[in-house]
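A short write-up of the structure that comes next.
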Amino acid sequence: PPMGTHTWLINCGASGAWPATEVSVTITQINECTTSTSPSTFWSYDDYFYCANGGTAWGAVGACTCQCPAGFGGTNCDACATGYSGTPPSCSGEPCQATSTPTDDGTDGNFHCINGGDVGGTTGSCTCTNCDTGYFGENCHNTQHQVGTMTEFYNKVEKYGNDIMMNGDITVLAQGGYKCSEGTCSADGESIMYADQLFGEIKCTDDNASCVLDGENSRRGMHVTGTGGNKLTIRAITFKDGEAEYGGGVVVHNEAIVDINLCVFNNCKSTNPSGSVGGGAILVFTSGDNVNVYGTSFIGNEAAPGNGADIYRKAGTIVIQHICPSPYSSNTPVQGADLDIFGVVIGSSLVSYSDCQATEAPTPAPTPNPTPSPTKAPTPNPTSFPTKAPTQSPTPAPTPAPTSPFFSLSGSNTGQCSVSDLCFSSLGYTNNEDCT
């Protein structure tokens, strides 16, 4: 429409259902500001506006401003910003200052640490260290939660839980099974757990995948929808007997970023017919999804032919990593069977992997006792006689009477000996040696 003031009738809903509303609309042409690097355009006399040190002009003519890069400030980005010192174009961050204002994020050098943290770093890169026990994260604001029942797990992770973990926190599951028949599950009726815009880590207390999300052949394990541009890590969890139309183990969609580490997908199933979206174990659904899989096993998962019994990639990216996750990155995982896949999946070897943690630092086998020769009996007391008896002096002393229970001799000193008892043979003697 042309510039000027216009009156429009706006009708909401079906024709005649609601009365039309008159709205007066004025259309005005706005000229956007254009960045100039010449100080002669210091003021916004026209559409050019001067911004120094890499600044960018924006806004409408007559009200132009500069968006300045980090470290620079002032009307035209020609000064060092608050929290920086020096002379442009050399502006350096000053040491960060601790404050009690929760919104201080370090962009001006003021930074807030909670839960006992000590402020460090320089403006734009402030840090918190030495958090109180149990806390971590950028501002010492994250913590670790322990759960041991299905309902506790639901309340920490499920989108409708009543005590959801803070983004960036860690939820640790105790060993054992988690199933809907023993507690509260997702209200979607299809999943054990529905995580919405959640990031941080959900993991088993140990890395042996002894925490089991049991779908009981009626629900998938988890549905992850979006992670707010950050990463959700699922670690050392077994997804067992998960079943749904698609993604019987885990569904990832809505630009979610997910790492699946040291997990097991066992007997998970997609029930959709061939040609439909499947994924017995994992479904990656939408563009922008990014999934990395480390040291994870796929066992006995099912889908209709061509539907990816193990993985169905509809969109997004999924990578099967051939290395182990931290702290086992120096180990080599054991390769298993080829994966049944639909769609493009990235990886040098698209197989099931396992045993990352088992090879991290093998416990040395106990040092065995010296292997006795075939003719010698094992030593019951290795420290009783560490060496062969010393040679007697030239003047033989009277032969002492044998002391029970070590050994006994029969025969003469100049003839042949008959040896009894295991201890004597442990010295290296055999029957029929000269008794000297």
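The values are calculated or read from the model by the stated rules, or taken from the named source; none is laboratory data. Note that the structure is predicted; figures quoted are calculated from it, not measured. Quick reminder, even Gly has a Cβ in these numbers, built from the backbone with ideal geometry, and neighbours come from all protein chains shown. Surface accessibility is based on the protein's heavy atoms, side chains included, excluding ligands, DNA and RNA. Shrake-Rupley method; radii C 1.70, N 1.55, O 1.52, S 1.80 Å.
Which members of the stretch 88-115 meet the condition of being under 19 Å from PHE136 (Cα atoms) and either open to solvent by less than 40 Å² (accessible area, probe 1.4 Å) or among the hydroxyl-bearing types (Ser, Thr, Tyr) (or both)?
Within the stretch 88-115, CYS96, THR99, SER100, THR101, THR103, ASP104, GLY106, PHE111, HIS112, CYS113 meet the criteria.
Find the residue count for the stretch 123-139, including only residues that are more than 19 Å from the chain's Cα centre (by Cα) and within 19 Å of THR101 (Cβ to Cβ).
Counting residues in the stretch 123-139 that are more than 19 Å from the chain's Cα centre (by Cα) and within 19 Å of THR101 (Cβ to Cβ) gives 8.
With the requirement that a residue be surrounded by fewer than 19 Cβ atoms within 10 Å (Cβ to Cβ), in a loop (DSSP other than H, G, I, E, B) and not aliphatic (A, V, I, L, M), what does the stretch 332-352 give you?
THR332, GLY343, GLY347, SER348, SER349
Which members of the stretch 276-310 meet the condition of being assigned to a strand (DSSP E or B) and either of a type in the set (A, V, I, L, M) or under 18 Å from ASN217 (Cβ atoms) (or both)?
Within the stretch 276-310, ILE282, LEU283, VAL284, VAL291, VAL293, PHE298, ILE299, GLU302 meet the criteria.
Read through the list (1) at pLDDT 90 or above; (2) surrounded by 16 or more Cβ atoms within 10 Å (Cβ to Cβ); (3) within 25 Å of ASN31 (Cβ to Cβ), then give the number of the only condition that TYR84 fails.
Tallying (1) at pLDDT 90 or above; (2) surrounded by 16 or more Cβ atoms within 10 Å (Cβ to Cβ); (3) within 25 Å of ASN31 (Cβ to Cβ), TYR84 fails exactly one: (3).
Residues ASP163, ASP188, ASP206: which one is without any contact (Cβ under 8 Å) to a residue 12 or more places away in the chain, surrounded by fewer than 18 Cβ atoms within 10 Å (Cβ to Cβ), in a loop (DSSP other than H, G, I, E, B) and not β-branched (Val, Ile, Thr)?
ASP163
Among the listed residues GLY148, GLY124, identify the single one that is out of contact with any Pro (no Cβ under 9 Å at 6 or more places or on another chain), touching a residue at least 40 places away in the same chain (Cβ under 8 Å) and of a type in the set (Gly, Ala, Ser).
Answer to the check: GLY124.
Please go through (1) at pLDDT 70 or above; (2) open to solvent by 50 Å² or more (accessible area, probe 1.4 Å); (3) out of contact with any helix residue (DSSP H, G or I) (no Cβ under 9 Å at 6 or more places or on another chain) for TYR48 and return the number of the only condition it doesn't satisfy.
(3)
Out of VAL224, VAL251, VAL212, VAL258, report the one residue that is of a type in the set (A, V, I, L, M, F, W, C) and touching a residue at least 40 places away in the same chain (Cβ under 8 Å).
VAL251
Out of the stretch 87-110, which residues are without any contact (Cβ under 8 Å) to a residue 24 or more places away in the chain, within 30 Å of ALA52 (Cα to Cα) and not polar (S, T, N, Q)?
CYS91, ASP104, ASP105, GLY106
Check whether at least one residue in the stretch 209-232 is of a type in the set (Asp, Glu) and touching a helix residue (DSSP H, G or I) at 6+ places or on another chain (Cβ under 8 Å), and report yes or no.
For the stretch 209-232, residues of a type in the set (Asp, Glu) and touching a helix residue (DSSP H, G or I) at 6+ places or on another chain (Cβ under 8 Å): present.
Residue by residue through the stretch 126-149, note down the ones that are in a strand (DSSP E or B) and under 30 Å from TYR178 (Cα atoms).
Scanning the stretch 126-149 gives TYR135, PHE136, ASN142, THR143, GLN144, HIS145, GLN146, VAL147.
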